[in-house]
Amino acid sequence: QVVSRALDHHASDDGAAATAVEGASAAHTRNGVRMHPERTIRRSVIGSGHGLHTAVRSGLILYPLPPGRGIVFTNLSTGASVPAHLEFVESTGYATTLHQGDMSVATVEHLLATLHAYGITNVLVKVQSEVPVMDGSARDFCALIESAGIQEQGGGVEEITVDRRISVGSDDAEEEGISIEPADTLTI
């Protein structure tokens, strides 16, 4: 019943399904800043698995969203939502948890990394309290996105540019820490 109700609900404010914008262009520059087109998925898709930390059977539904909406997590039962934005990160201990008001969702990092890899900037994720871990990799999330298809949209999002070294924690190999710095090639 919950899944049926969720599938009947459309993501846009006016209740209409999100419409795709045709003719969007590839990356471009605006005011000297490299911009990438916004993207969503072409159609809704459903995935299921188990929560990594709760071990509870879990599922999710991905819905296309119009440009400018971002990635938003919504509770299947209550309709409460939280945007996938840094200001809503509640914790990062063993899993990233987003929280706003009555909505908390855990283990979002695997799905968010996959959405980023595909350049998806606008999508509604309907889920209970934890994103299913699937097989622990991005494979099943990739299959979901590829089965849904990708739709380029109008508008653009600014490319993140690493213009200086940023470090968190220790530089000592024996201690915890991570850093990122400008480079001509990707080196990890």
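The values are calculated or read from the model by the stated rules, or taken from the named source; none is laboratory data. Note that this is a predicted model, so its numbers are computed, not measured. The accessibility values were calculated without ligands, DNA or RNA, using every heavy atom of the protein model including side chains. Shrake-Rupley method; radii C 1.70, N 1.55, O 1.52, S 1.80 Å.
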Would you work out what percent of the accessible area of the range 27-162, with all protein chains in place, is carbon or sulfur (probe 1.4 Å)? 53 percent
Please work out how much length the chain gains when fully extended from Asp172 to Glu146, using 0.36 nm per residue of separation minus the C-alpha to C-alpha distance, in nm with one decimal. 5.3 nm
So between Val162 and Glu109, what do we pick up on full extension, going 0.36 nm a residue minus the alpha carbon distance? 17.0 nm
